[in-house]
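*Asks:* Have a look at this one before I ask anything.
Derivation of every value follows stated rules applied to the coordinates shown; laboratory data play no part. The shown structure was predicted, so the numbers you read here are calculated from the model rather than taken from an experiment. Positions of Cβ are generated from backbone atoms using ideal geometry, with glycine treated the same way; all protein chains shown enter the neighbour counts.
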Amino acid sequence: MISRRRILKLGTAAAGAALATPVTAATSENNCTALPPSIASLTSMKDQAKPTTTEERGERQEKARRLMADNKLDAILLTEGTSLTYFSGIHWGGSERLFAMVLPVKGNVFYVCPAFEEGRAREQIAKAPGAEQADVRIWQEDGSPYQRVAQGLNDRGLSTGTLGMEETVRFVFSQGIGKASPQMKIASATPVTAGCRMIKSNHEVELMRLAAKVTLTAYEAAYHALNPGTTKPQLEEMVEAAHTRLGFSGSADAQVGEYSAFPHGSITPQVIREGAIVLMDGGGNVEGYASDITRTFVLGKPSDKMKTVFDIVHRAQTAALKTARPGLECQAVDAAARSVITDAGYGPDCKFFTHRVGHGMGMDVI
């Protein structure tokens with residue numbers, strides 16, 4: 001799936017391409033001498049990442065079943081995306097052809113798959129929980145995947161039950177399944193999927209912390225490689241190369257000077273000069289778990305005003321962190337940070353502090 005960050009990078013790449021001297025991921029892997037010393041000296045951290053096991057995914061499915069019972073759902077249907085990977089380990093890109101996993105509250109999981117993708121699907125299903133009893137229902141190009149879903153539900157005595165779907169399931173799929181199984185009620189599966197995914201396991205927290213460590217290390221290495229005259233695309237390529245040296249994928253959007261005030265970037269070509277503010281917003285991916293980190297710095301000596309504003313923002317972040325605790329509504333954390341900004345003369349409300357404090361993290365950045 002193309003992330004918001006990837007879309008933004010595609011939108012700005014063309015504008016700065018003529019200014020860039022490429023530092024590609026391939027270069028960073030195969031020819032360290034072509035990289036700045038701060039990046040070439042990085043070593044892989046990949047051995048610190050422990051993959052999610054089939055047993056962990058099986059435990060997630062059992063928790064989902066308990067939540068399904070609590071929410072009066074007889075089954076949930078998952079299509080392409082991170083929830084499918086979370087519960088099964090299967091990675092499947094989106095297309096017009098339905099590939100789905102159906103997890104019933106009782107009984108075996110079943111899969112619905114395009115016939116010509118069966119081989120690829122079975123390779124991944126073999127590593128999913130309950131692979132020994134895998135029920136794979138294929139459909140041909142002139143057939144109906146929705147009928148396959150309906151038949152699978154009917155075989156489990158669920159044709160008149162309630163089927164949960166996430167909000168990310170395409171309308172054409174949910175509509176087709178509803179028509180193929182008209183006595184089946186369709187409801188939201190989000191209380192189940194989010195109910196499992198929102199609270200991270202210790203292993204998930206370890207992976208997220210490692211992802212953050214990787215990105216911060218990449219940022220620092222790229223910062224030490226900066227010189228006056230470095231372009232925005234060159235800095236972005238250095239961040240990507242640093243992630244690759246560390247053993248993971250990762251990237252960042254860089255914004256310079258006045259354009260650092262654009263939360264999601266500018267298409268204007270940008271060159272880093274002495275004394276310029278540079279903002280990097282990006283992250284990496286470790287075993288499917290993301291980091292999303294923004295850092296602001298100055299090449300050279302910052303002005304007094306830069307120091308003042310930086311200190312205000314830092315105090316606002318500190319206030320938010322001190323306020324946050326389990327069970328507290330997110331708006332209270334936002335208010336704690338916003339009050340610091342307002343008291344410093346950069347309010348009221350969203351006048352200068354134009355976004356919220358934080359967002360969801362894990363396998364998705366939302």
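*Asks:* Suppose each label sits 7 Å from its Cα in the direction of the beta carbon; what would the R295-C330 distance come out to in nanometres?
*Replies:* About 2.6 nm separates the two model spin labels.
*Asks:* Okay, next question. With +1 on each Lys and Arg Cβ and -1 on each Asp and Glu Cβ, and nothing else charged, work out how big the dipole of the chain is about its Cα centre, in Debye to the nearest 20.
*Replies:* So the dipole magnitude of the chain works out to roughly 560 debye.
*Asks:* Placing unit charges on C-beta atoms (Lys and Arg positive, Asp and Glu negative, everything else neutral), compute the dipole magnitude of segment 74-188 about its Cα centre in debye, rounded to 20.
*Replies:* 220 debye
*Asks:* Among P145, S95, P114, which residue has its Cα furthest toward the positive end of the charge dipole of segment 74-188, with +1 on Lys/Arg Cβ and -1 on Asp/Glu Cβ?
*Replies:* Farthest towards the positive pole: P145.
*Asks:* Would you be so kind as to identify which of A337, F171, G282 lies farthest towards the positive end of the dipole of the chain, taking Lys and Arg as +1 and Asp and Glu as -1 on Cβ and the Cα centre as origin?
*Replies:* Positive-most Cα among the choices belongs to A337.
*Asks:* I need I199, I125 ordered by Cβ neighbour count within 10 Å, fewest first.
*Replies:* I199, I125
*Asks:* While we're looking at this one, here's another question. Can you compute the radius of gyration and Dmax for segment 74-188, using only the Cα atoms, both in Å?
*Replies:* Answer for segment 74-188, Rg first and Dmax second: 12.7, 34 Å.
*Asks:* Still on this structure, please answer the following. Starting from one equal scatterer on each C-alpha and no solvent at all, send me the Debye-based log10 I(q)/I(0) for segment 243-308 at q = 0.15, 0.20, 0.21, 0.28 Å⁻¹, two decimals.
*Replies:* -0.56, -0.84, -0.89, -1.16
*Asks:* Okay, moving on. Counting just the Cα atoms, what span does the chain cover along each of its three principal axes? Round to the nearest Å and put the largest first.
*Replies:* That works out to 70, 50, 35 Å along the principal axes.
*Asks:* Evaluate E = 1/(1 + (r/R0)^6) for E118 and Q175, where r is the Cβ-Cβ distance and R0 equals 25 Å; express this FRET efficiency to the nearest 0.05.
*Replies:* That gives a FRET efficiency of 0.50.
*Asks:* Work out how much length S249 to V271 would gain on full extension: take 0.36 nm times their residue separation and subtract the Cα-Cα distance, in nm to one decimal.
*Replies:* 5.4 nm
*Asks:* Can you grab the distance from the C-alpha centre of segment 127-185 to the C-alpha centre of segment 33-52, Å, no decimals?
*Replies:* Their Cα centres are 43 Å away from one another.
*Asks:* Let me ask something else about it. Place the peptides 291-299, 100-108 in order of packing, highest mean first, counting for every residue the other Cβ atoms within 10 Å and averaging per peptide.
*Replies:* 100-108, 291-299
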